[in-house]
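The values are calculated or read from the model by the stated rules, or taken from the named source; none is laboratory data. The model shown is predicted, which means the values in this text are computed figures rather than measured ones. Virtual Cβ from ideal backbone geometry, glycine too; neighbours counted across all protein chains shown.
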Amino acid sequence: MTDQYRVDLAHLDAVTAKVAALNSFVTDSLTELDQRIATVQSTWNGAAADAHATAHAEWVAAAARMTEGLDKMRAAAAAAHASYESGTAANLAMLGRSGQVAQ
């Protein structure tokens, strides 16, 4: 077999950082949105306000699941990086090349 399996750890780190940044952006945006909605809901009443509050609560729950998913993706990418890095180190040690970076 002539194909080589490679993992670009720098790219994996970049993807991990982007997922973390996206999750942070989404979380911050949701916090800001919740503050604005709370202001509106404090002075709004009636059937439309109740329907909006119900819909908003469902939307917040869905958004929370999304941020949880993003955090799981980030954690999985970070764990993959650690696994690949330790696997590379173990392989290099078996070859007597400890301390060298695999290309």
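Search the stretch 65-83 for residues being of a type in the set (A, V, I, L, M) and out of contact with any helix residue (DSSP H, G or I) (no Cβ under 8 Å at 6 or more places or on another chain), and hand back the single one that is farthest from SER24 (Cα to Cα).
Only one residue tops the list, namely ALA82.
When restricted to residues that are surrounded by fewer than 14 Cβ atoms within 10 Å (Cβ to Cβ) and not small (Gly, Ala, Ser), the stretch 80-96 contains 3. Looking at the stretch 38-79 only, could you name the residues that are surrounded by 12 or more Cβ atoms within 10 Å (Cβ to Cβ) and polar (S, T, N, Q)? Matches in the stretch 38-79: GLN41, THR67. Checked against the criterion of being in a helix (DSSP H, G or I) and in contact with a Ser or Thr (Cβ under 8 Å, 6 or more places away or on another chain), the candidates ALA57, ALA78 yield just one match: ALA78. Selection within the stretch 5-37: residues that are surrounded by 12 or more Cβ atoms within 10 Å (Cβ to Cβ) and charged (D, E, K, R). The member of this set that is farthest from HIS81 (Cα to Cα) is ASP34.
Here ALA48 clears all of (1) within 22 Å of the chain's Cα centre (by Cα); (2) at pLDDT 95 or above except the condition numbered (1).
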